[in-house]
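Asks: Below: one structure in structure tokens.
Just so it is clear, none of the values below were taken in a lab; they were calculated from the coordinates. Just so it is clear, the model here is predicted, and its values are computed rather than measured. All Cβ positions, even for glycine, are placed from backbone atoms using ideal geometry, and neighbour counts span all protein chains on display.
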Amino acid sequence: MPGACRGARGRTGPLSFGELMDDREGRLAEALDVGQAYLKESSLTALMGRVGGVIDEVPVAPCPDKRWFQRSYGRCVTDEPDELLVGDGLFYLTEQRKLFLDCTAGHYQMTWGYDHPELHALLLDGIARGIVWDNHSNIPSAPAKRLTAKLVELANPGRDPAELQDDPDSLNTVLSGVATGTVACGAAMKITLIHHGPDRPAVFVVLDGNYHGTDLFAQRLRGMWPEYFCNVKIVAVQPNDPDELRAVFAEHGERIAGFWAEPVMMNREAIVIEPEYLRLARELCDETGALMAMDEIQTGFWFPEVIYSVRLGLQPDFIVLGKGMTAGFHPLAALVYRGRLDCLEQYDAISTNGNAPLAAYMALGCIALVERHADEIEAAGEAWHQALAQIADEFPETLVEARGVGHMSGLKFRDREECLAFHRAAIERGLWLRAHTYHEGHATILTKFALPVNQEVIDFAAEAIRGLLRDIK
Ligand SMILES: Cc1ncc(COP(=O)(O)O)c(C=O)c1O
């Protein structure tokens, strides 16, 4: 479809979809319209009955393709782009009108699924009230400030705010002016380096298979770019091996600057880090003076307690939050940390779009929904994990076990090729889930359902997975 480059110079009148999207005949607009109506007006049972099929009632429209994308993002020229057209709740339609059940909440960030009605209304309410979309971080507006208060409250349940304010050892400080998890993680890494000081090598103890973002230092923690760093040593330990952790702390002692962990390793086969292991890490950090960071970019906002460290009764020095905080409304992340570590200057860690009052307003809405639906979230997470555990028991020749916790659960396969074949079949079947297979020995299917998942959908997804497992045999 893309025609020759045409500018809007000299045009007047309101901005229009047709012009902006090069959709002069209105066919894309119509496909969106009908697709959205189909998703919103169909019952759950009707939608589940057609997952994996083509929804012919929705017209086909010419859609832009990815010809200008970077190669690693799928640059390809195609006459039939088949990316996402429109989504609602847990379902979405592709541009070729195939119906999918999204078992991963977008890419683990659409906490309440696509276009949640209450968040949709909240967004319009925020705009109508004059909440600006973004502004300079020197003049943060009410939602941005209110969000910092809410995050401190969540990180310190039951504590009196006045007392917290004067307690530099508590998690009473929030860096909120950052747009992405990577920048929030990066801020914690910088504070850790400053805290450690420049006069001795800094050792970072990390879990093998970690993922703390995409900037240079975060990637160094997962083994990349070794040739560009000196005076920093990365020691990767196997998750849940307390003896190895003790040995590493004994060997490097006070040279250790920081310990980093994701409590559920969604970037390594949904390995759940045992609470005792994290408590041991806390003790070892206290003994050596190292700082402990919990990267909750994945776990935050997906459990009734909102913050998973709180669920575990653990007080790290840093809690990194992002991804689902705004339920997918771009862009906002945050670092909650102990007041005594408040040492960065304003421009040491900041993103232009990170003050984002409208996104902060959405984050407050997302948190309120988690609090309101805490019991259902607990029950649905448990039911989904149990369903996968049951499936793992039924297919012992193919599956090792169910992994993860709650909504963030997966299935570990015995064989990588079978895992990949299952993944292809799942996509064909209309189940959008992830396969983690890119490291030696890794063969896990990952899901992270949006929080509105209910028993009906859980039963449907479990049955569909059973069918696929039978077929790949
Ligand atoms: C555990 C973890 N940490 C950090 C990040 C980086 O967050 P962002 O993509 O918002 O920069 C991610 C993103 O997937 C993540 O899963």
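Asks: Applying the selection to the stretch 192-206, what residues are surrounded by 21 or more Cβ atoms within 10 Å (Cβ to Cβ) and either of a type outside the set (A, V, I, L, M, F, W, C) or within 16 Å of the ligand (Cβ to nearest atom) (or both)?
Replies: 192, 196, 204, 206
Asks: List the pairs whose first member sits in the stretch 240-263 and is away from the ligand (no atom under 16 Å from the Cβ), whose second member is in a loop (DSSP other than H, G, I, E, B) and of a type outside the set (A, V, I, L, M, F, W, C), and whose Cβ atoms are under 7 Å apart, counting only residues at least 6 apart or on separate chains?
Replies: Close Cβ pairs (under 7 Å, with a partner that is in a loop (DSSP other than H, G, I, E, B) and of a type outside the set (A, V, I, L, M, F, W, C)) amount to 240/274; 244/238; 254/289; 255/200; 255/201.
Asks: Here is a further query. Suppose the filter is farther than 20 Å from residue 319 by Cβ, out of contact with any helix residue (DSSP H, G or I) (no Cβ under 6 Å at 6 or more places or on another chain) and within 16 Å of the ligand (Cβ to nearest atom); does residue 220 pass it? Working first, answer last.
Replies: Working: farther than 20 Å from residue 319 by Cβ: yes; out of contact with any helix residue (DSSP H, G or I) (no Cβ under 6 Å at 6 or more places or on another chain): yes; within 16 Å of the ligand (Cβ to nearest atom): yes.
Criteria met by residue 220.
Rundown of residues vs (1) farther than 30 Å from residue 114 by Cα; (2) within 12 Å of the ligand (Cβ to nearest atom); (3) in contact (Cβ under 8 Å) with a residue 24 or more places away in the chain; (4) in contact with a His (Cβ under 9 Å, 6 or more places away or on another chain), yes/no style:
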{"residue": "278", "(1), (2), (3), (4)": "yes, no, yes, no"}
{"residue": "281", "(1), (2), (3), (4)": "yes, no, yes, no"}
{"residue": "284", "(1), (2), (3), (4)": "yes, no, yes, no"}
{"residue": "294", "(1), (2), (3), (4)": "no, yes, yes, no"}
{"residue": "306", "(1), (2), (3), (4)": "no, no, yes, no"}
{"residue": "315", "(1), (2), (3), (4)": "yes, no, yes, no"}
{"residue": "332", "(1), (2), (3), (4)": "no, yes, yes, no"}
{"residue": "336", "(1), (2), (3), (4)": "no, no, yes, no"}
{"residue": "344", "(1), (2), (3), (4)": "yes, no, yes, no"}
